[in-house]
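First up is the structure itself, then whatever we jot down about it.
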Amino acid sequence: MEQAVPFSIVSTVKALSGALDAENEAEISREREKLWFKESSAKNLRNRDFLSPNTVLTTLYAGGEVPSDVLSGVRSLHGSGVLPIGATEVTAEGLRVCVDRCAAFKGVLCGITPYLRPAAQRQGCILINCPALHTKQTIPSPDTLALGQLRTVLIADHLGAHLRRQGYTVSFCPALPQDSDIVNFLKTLGIDWPTVPVSWTNEDREEKMKNALENSTYRDREIERGKRRSRGEEIEGEKRGIKEEVRINLKQVVQDGNVQGYDPSLGSCTVQREASCHLAQLDSATADLPVSMATVLHVTSCQDEFRQQQTAMLWRAAGATAAQRLVICGPVKTLGIQMNAAQYLQLRKAQMKEASEMKYGDQVEGQTWDDIIRVMTSATVRFELLSTVHTSPVTLDVQRDSGVSTKGPRGGVFVMYNCARLHTLFSSYEKGVEQGHYPEIPEGAELDFSALKEEGEWLLLFNYLIPFSELLDQSGQILWHEGGSARVNLRTEQVCRFLVSLSKDFSSYYNRVHVLGEPLPHLFNQMFCRLLLLRALRELYHSALDSLNLPPIPQL
């Protein structure tokens with residue numbers, strides 16, 4: 001059976017807040033999120049799942065005494081998405097609430113599908129533009145791509161996968177020449193960037209953009225004339241057919257469009273060929289998008305933010321009406337050595353191969369291991385560059401190989417290793433079934449989930465399986481609800497951090513609990529409940545890795 005409306009932390013907190021002070025609900029609505037805390041630490045989850053602190057209770061009730069009818073309302077709480085309430089108690093810390101864990105385990109594990117996808121499906125078209133890949137003098141290459149630019153490409157790729165999951169139609173800009181070095185480099189990182197034939201040209205659209213800007217109402221002819229005079233050129237030169245520079249008054253574009261968050265020093269800008277090429281690519285990429293539903297995300301480094309703001313307003317001056325937002329990425333710094341994207345990837349790959357050979361010896365050879373090392377290297381790079389808030393700088397210690405070790409619970413290798421442990425567990429179980437040691441896992445409705453009493457089991461359900469759907473939905477919510485400021489913070493670090501935290505807690509549980517017990521009938525119920533929990537966890541890993549464009553590794 002599949003639960004139509006999955007349990008939700010947000011829905012539960014909202015219902016708890018309403019029950020706490022139904023009479024004054026309008027007055028406290030603005031502070032609703034402060035009325036209750038969802039517990040997350042293993043220590044606190046031993047005796048409560050939600051807490052309304054004493055500071056809140058003394059604000060709401062005289063002397064902090066919770067009326068009996070309010071307590072009764074909390075205990076009988078139910079509704080769409082609301083977790084089943086178990087015990088409630090007023091303690092020295094405040095009003096604590098425990099979820100009926102057996103019912104929660106059953107509800108989630110017997111209908112896991114809704115928990116593995118975004119809470120809402122949205123409509124709209126997103127064009128993700130990555131200025132680092134636009135042609136300047138020559139086509140970008142791995143050797144000319146800086147680490148900060150590589151970070152913007154990885155964030156763009158992650159956003160694309162993440163937003164597609166939420167129902168958006170996503171496309172990318174610019175298109176790159178087929179089989180070019182940069183395209184092959186991106187493929188090694190699992191990035192499938194759009195390409196065009198090598199012979200493809202965009203000259204017609206470039207000419208279209210130039211003409212649009214030459215005839216734009218925002219063209220600043222006074223400054224153009226002043227510059228020609230300062231160079232001693234004839235003012236009548238333009239009438240004789242001489243091509244003159246075109247300057248656009250970007251400040252006026254910003255004011256007329258009433259767009260917020262753009263640099264106040266944006267003034268008049270001379271249209272360079274590089275900008276015309278960039279605008280032509282944007283025009284081509286949005287040609288078939290319905291403007292009313294389209295949003296363009298410019299994912300760029302902080303060093304290039306001003307130039308990208310200029311480009312965005314030039315495009316608007318040329319007639320573009322699509323909403324434009326900027327995802328600004330902090331710089332990437334390296335300790336003790338300077339390197340480009342190609343050198344960085346080559347170093348991490350060599351470290352990954354060396355670490356694998358030290359652990360697995362002569363097994364590390366052939367195509368299978370080449371594929372494993374490629375994916376593990378991609379995971380290392382992605383987690384190193386995506387786990388930090390995108391507006392903040394990243395500092396890499398490239399001379400150390402800590403990022404490729406399975407021992408330190410820090411990055412992509414640790415995550416992939418723990419995902420592989422789940423594959424190994426289920427391979428062992430399936431072999432046991434084939435050999436007649438274990439029966440098949442029965443339907444969840446036949447199991448008694450009260451057997452899941454280990455504190456790590458509830459922590460995995462309550463902190464990861466239940467909230468995952470809401471985490472997947474957050475970037476879409478931000479795009480949907482946030483105002484029209486230039487910058488947008490889509491919290492691109494959250495999936496990586498979620499997976500690292502999950503892997504720490506799963507690893508702790510897995511090292512402590514022997515899941516596949518003796519093949520004795522009286523032990524099967526608990527084993528099956530645990531297997532259902534870990535099977536759901538394996539699907540969660542796959543879903544989260546999919547939003548990073550990382551395939552799971554079957555075994556390590």
**Report entry** Phi-based couplings in Hz for region 287-292 (Karplus 6.51, -1.76, 1.60; Gly and Pro marked x)
**Finding:** 4, 9, 8, x, 4, 5
Query - Simple label model, 7 Å out from Cα along Cβ direction - A323 to T169, nm - result: 1.7
Query raised in the report: Nearest 10 degrees, 0 to 90: what angle lies between the long axis of helix 521-546 and the longest principal axis of the chain (Cα atoms)?
Result: 10
Query raised in the report: How much accessible surface does E222 have with a 1.4 Å probe, in Å² rounded to 10?
Result: 130
**Report entry** FRET efficiency estimate (nearest 0.05) - Cβ-Cβ, K187 to E518, R0 51 angstrom
**Finding:** 0.60
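If R0 is 30 Å, what FRET efficiency do you get for N511 and E446 from their C-beta distance, rounded to 0.05?
0.55
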Report summary line: When the charge dipole of the chain is computed with +1 at the Cβ of Lys and Arg and -1 at the Cβ of Asp and Glu, the Cα pointing farthest to the positive end, of W200, T492, P140, is that of P140
Query raised in the report: Taking amide hydrogens as modeled 1.01 Å from N in the peptide plane, which residues meet the under 5 Å criterion relative to V196, leaving out close sequence neighbours?
Result: L176, Q178
Query raised in the report: Taking 0.36 nm per residue of separation and subtracting the Cα-Cα distance, what length does fully extending D362 through L71 add?
Result: 98.3 nm
Query raised in the report: Which of the listed residues, P174, T395, T380, is farthest toward the dipole's positive end in the chain, when Lys, Arg count +1 and Asp, Glu count -1 at the beta-carbon?
Result: T395
Report summary line: Between E207 and E222, the two model label points (7 Å from Cα along the beta-carbon direction) sit apart by a distance in nm of 3.4
Report summary line: For S301, the residues 5 or more places away or on another chain with a placed amide H closer than 5 Å to its own amide H are C329
Requested in this report: Rounded to the nearest Å, what's the spacing between the alpha carbon centres of region 246-291 and region 48-84? Just the number, please.
Outcome: 53
Requested in this report: Let me have the 222 nm mean residue ellipticity of the chain computed from DSSP H runs of 4+ only, each contributing -39500 (n - 2.57), with the sum over all residues rounded to the nearest 500.
Outcome: -14500 deg cm²/dmol
Report summary line: A correct Karplus calculation of ³J(HN,Hα) over region 195-203, with 6.51 cos²θ - 1.76 cosθ + 1.60, θ = phi - 60°, whole Hz and x for Gly and Pro, returns 10, 9, x, 4, 7, 5, 10, 10, 4
Query - Potential extension, D288-N47 segment - 0.36 nm per residue separation minus Cα distance - result: 81.2 nm
Query raised in the report: Quick one: Cα centre-to-centre distance for region 417-473 and region 138-164, in angstrom?
Result: 36
Query raised in the report: What residues have an amide H closer than 5 Å to that of F7, excluding those fewer than 5 places away on the same chain, when H is modeled at 1.01 Å from N in the peptide plane?
Result: none
Requested in this report: Can you tell me how much longer the chain between E354 and T424 gets when fully stretched, taken as 0.36 nm per residue apart minus their C-alpha distance, in nm with one decimal?
Outcome: 22.9 nm
Report task. Determine the shape class of region 442-556: with a ≥ b ≥ c the square roots of the Cα gyration tensor eigenvalues, call it rounded for a/c under 1.5, and otherwise prolate if a/b is greater than b/c, oblate otherwise. Result -> prolate
**Report entry** Helix axis angle, 468-481 relative to the chain longest principal axis, alpha carbon, degrees
**Finding:** 30
Query raised in the report: How much FRET efficiency would the formula 1/(1 + (r/R0)^6) give for D397 and S180, where r is the Cβ-Cβ distance and R0 is 35 Å, rounded to 0.05?
Result: 0.65
Query - Separation between Cα centres of region 511-556 and region 176-204, rounded to whole Å - result: 39
Report task. In debye, nearest 20, what is the charge dipole magnitude of region 106-233 about its Cα centre with +1 on Lys and Arg Cβ and -1 on Asp and Glu Cβ, if you could check? Result -> 600
Report summary line: note: the chain, Cα-Cα separations exceeding 39 Å make up a percent value of 41
Report summary line: Computed for the chain: size of charge dipole around the Cα centre, +1 on C-beta of each Lys and Arg, -1 on C-beta of each Asp and Glu, debye to nearest 20, value 1080
Query raised in the report: How large is the charge dipole for region 39-119, taken about the Cα centre, if only the Cβ atoms of Lys, Arg (+1) and Asp, Glu (-1) carry charge, to the nearest 20 debye?
Result: 380
Report summary line: Applied in sequence order to region 246-263, the curve 6.51 cos²θ - 1.76 cosθ + 1.60 (Karplus, θ = phi - 60°) yields integer Hz couplings, x standing for Gly and Pro, of 10, 10, 10, 7, 5, 4, 5, 4, 4, 5, 5, x, 6, 8, 9, x, 7, 4
**Report entry** Quarter of the Cα convex hull surface for region 9-99, i.e. its orientation-mean projected area (nm²)
**Finding:** 5.6
Query raised in the report: Where both partners of a DSSP beta bridge lie in the chain, what percent of those bridges are antiparallel, to the nearest 5?
Result: 35
Requested in this report: Compute the long axis of helix 367-386 from its Cα atoms, compare it with the longest principal axis of the Cα atoms of the chain, and write down the angle in degrees, 0 to 90, nearest 10.
Outcome: 80
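The values are calculated or read from the model by the stated rules, or taken from the named source; none is laboratory data. All values derive from a computational prediction rather than experimental measurement. Cβ: placed from backbone, ideal geometry, glycine included. Neighbour counts: every protein chain shown. Remember, those area values only see protein heavy atoms, side chains included, never the ligands or the DNA or RNA. Shrake-Rupley method; radii C 1.70, N 1.55, O 1.52, S 1.80 Å.
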